[in-house]
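Participant: To start, I am sharing the structure in question, which I have written as structure tokens.
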Amino acid sequence: MSSVVRRFTFCAAHRLMNHGGKCRRLHGHNYVAEVTVRGPIDGYSGMVVDFGDLKSSIGEWIDLYWDHRTILNGNDPLLAAMHELFPHGDVYKLIGEPTAENMARILLALVQTRMDERNLPGQTCSVRLWETENCSAEAF
């Protein structure tokens, strides 16, 4: 068994409406998502999974739904106003708070689903989401 890691970068705004500190304010981050896929090395290709396949399946979703978007809790009262101001899908509604932990968990499930849909080899073993260069959360 071997593992490969593919990094994805994106910029997004969020706020943690249930946070007692400054993160309750709308603010942004330059996120880095590291997706780790584990599996046997294919004897023909020499790969666990093609990095390009990961980019097209996962990177495409991130670009469509999270990059340069505002990510809010589905119960956030700001959500309705944001949808009115930005009616073209600029706001992503998350179930729960848009913490690094929850976002990593969502990406983990998404990665495996998209890999299965496209019959990509390997098994997702983790997603680490860096919110800042010093702070990350990992789902596995």
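Participant: Please rank Thr9, Thr36, fewest neighbouring Cβ atoms within 10 Å first, as an exposure proxy.
Facilitator: Thr9, Thr36
Participant: What does the charge dipole of the chain about its Cα centre add up to, to the nearest 20 debye, if the Cβ of each Lys and Arg holds +1 and the Cβ of each Asp and Glu holds -1?
Facilitator: In debye, rounded to 20, the chain gives about 300.
Participant: Take the alpha carbon atoms of the stretch 1-44, find their center, do the same for the stretch 79-117, and report the distance between the two centers in whole angstrom.
Facilitator: 12 Å
Participant: Sort His68, His14, His88, His29 so the one with the fewest other Cβ atoms within 10 Å of its own Cβ comes first.
Facilitator: Neighbour counts put them in this order, fewest first: His88, His68, His29, His14.
Participant: Toward the positive end of the charge dipole of the chain, about the Cα centre and with charges on Cβ (Lys, Arg +1; Asp, Glu -1), which of Tyr65, Tyr44, Asn75 goes farthest?
Facilitator: Going by the charge dipole, the pick is Asn75.
Participant: Another question, then. If you place +1 on the Cβ of every Lys and Arg, -1 on the Cβ of every Asp and Glu, and leave all else neutral, what size is the dipole of the stretch 1-69 about its Cα centre, to the nearest 20 Debye?
Facilitator: That gives the stretch 1-69 a dipole magnitude of about 620 debye.
Participant: Moving on to the next point. The stretch 54-106: D in µm²/s via Stokes-Einstein (Kirkwood Rh, Cα pairs, 4 °C, 1.567 mPa s)?
Facilitator: Diffusion coefficient, whole number: 110 µm²/s.
Participant: To the nearest 10 degrees, how steeply does helix 100-117 sit against the main Cα axis of the chain, on a 0 to 90 scale?
Facilitator: Tilt of helix 100-117: around 40 degrees.
Participant: Counting only DSSP beta bridges with both residues in the chain, what percent are antiparallel, rounded to the nearest 5?
Facilitator: Here the share of antiparallel DSSP bridges comes out near 75 percent.
Participant: Now, a different point. With the contact rule set at Cα under 8 Å and sequence spacing of 6 or more, what percent relative contact order holds for the chain?
Facilitator: 29 percent
Participant: Still on this structure: Give the Kirkwood hydrodynamic radius (Å, one decimal) of the chain, defined as one over the mean of 1/r across all pairs of different Cα atoms.
Facilitator: Every distinct Cα pair counted, the radius reaches 15.8 Å.
Participant: How do Trp130, Trp61, Trp66 line up, fewest other C-beta atoms within 10 Å first?
Facilitator: Going from sparsest to densest Cβ surroundings: Trp61, Trp130, Trp66.
Since every read-out is calculated from the coordinates, none of them should be taken as a lab result. Just so it is clear, the structure is predicted and the values come from calculations on it, not from any experiment. Ideal geometry is used to build each Cβ from the backbone, glycine not excepted, and the neighbour counts take in all protein chains shown.
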